[in-house]
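These notes are about the structure you will find just below.
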């Protein structure tokens, strides 16, 4: 991908998209079980839920269900799972023109979820390799916000660099430390990391200190998500903690992906900082109340009702 292609991508007024999501799109198989198996034990699941998944792809669906336009850029195999995932993205009105299809199989993700919502997760990438730097032509897409999940480490950094020059906000979904997240961490405006990422990247066990250290990379803000404990944030010289919304948890899979998509949608809306955090946290909380990440991502009306019921009306939402 050349800078000339990126310039065309950023300056085409005819094909604006609210949020461009770049990264991974495995297919998810979620089994409901009474307990996690012991070694050499055979078990029977009580239910199976299957749908597309992946941090960036789920974020794109979240953006669309919240009433904004989104596009997904990444890889899907020319196999049954890839076809199913592609069809789901189309059904959710996610733009698919930036998806690369190939003969390498679609990655799979298998979740074993207990009745209390806790899970064990197995990912299988097969022979898939990151897309080469020039494999996607972005020249017909003009995003207002870009989300990266780090799993396309060759196409993402040049895009992040150009977005910063063009003043387009960028978000990194940093679940763990690997080549992609290491390269993107200093390039994005909003670094949203899991507690594990903050601890591993900075060496700080305390998420507050980890967020402060990550803020030294020079972005606009850092958020460390803490699951049921909410999140901590650092924005310039300010910092804070937001508790998680109390919900009856069924499955935590995809809550972070939904948070990132909602955060991007909130940026598009121009929400004030505290409203932005509450809005994204509400979407993540609602995602935990149903089984399977993609199937649980809420629509806009459900989010607004949830916020109003909890006394947290968000100005500018809707």
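Since every read-out is calculated from the coordinates, none of them should be taken as a lab result. Bear in mind the structure is a predicted one, so any value in this text is a computation, not a measurement. So basically every Cβ, Gly included, is an ideal-geometry build from the backbone, and we count neighbours across all protein chains shown.
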Given an 8 Å cut-off on Cα distances and at least 6 residues of separation, report the relative contact order of segment 181-318 as a percent. 17 percent
Hey, what number do you get for the chain at 222 nm if only DSSP H runs of n ≥ 4 count, each worth -39500 (n - 2.57), divided across all residues, to the nearest 500? -10000 deg cm²/dmol
Normalised radius of gyration for segment 94-192, please: alpha carbon Rg relative to 2.2 N^0.38 Å, two decimal places. 1.23
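For a quick check: sort 43, 291 by the number of other beta carbons within 10 angstrom, fewest at the front.
43, 291
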Order these by the 10 Å Cβ neighbour count, fewest first: 93, 251. 93, 251
Compute the Cα gyration tensor for segment 108-258, then decide on rounded, prolate or oblate, letting a ≥ b ≥ c be the square roots of its eigenvalues: rounded whenever a/c is under 1.5, prolate when a/b is larger than b/c in the other cases, and oblate in all that remain. oblate
Residue 241 to residue 161: FRET efficiency via 1/(1 + (r/R0)^6), r the Cβ-Cβ distance, R0 45 Å, to the nearest 0.05? 0.90
Considering Cα pairs under 8 angstrom that are at least six residues apart, work out the relative contact order of segment 13-138 and quote it in whole percent. 29 percent
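Report the relative contact order of the chain, percent, no decimals, based on alpha-carbon pairs under 8 angstrom and at least 6 residues apart.
Once normalised by length, the contact order is 18 percent.
Classify the chain from the C-alpha gyration tensor, please: rounded if a/c falls under 1.5, else prolate or oblate depending on whether a/b exceeds b/c.
Rounded, since a/c falls under 1.5.
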Cut-off 20 Å (backbone N to label point 7 Å along Cα→Cβ of residue 93), residues of segment 44-82: 52, 57-73
FRET efficiency for residue 103 and residue 302, Cβ-Cβ distance as r, R0 = 41 Å, nearest 0.05? 0.55
A student applying the Cα gyration tensor rule (rounded when a/c is under 1.5; otherwise prolate if a/b is larger than b/c, oblate if not) would label segment 54-152 oblate
Could you give P(r) for segment 163-247, binned at 5 Å from zero, as whole percent values over all Cα-Cα pairs? 3, 17, 27, 26, 16, 8, 3, 0, 0
What ranking do 114, 235 get, fewest neighbouring Cβ atoms within 10 angstrom at the top? 114, 235
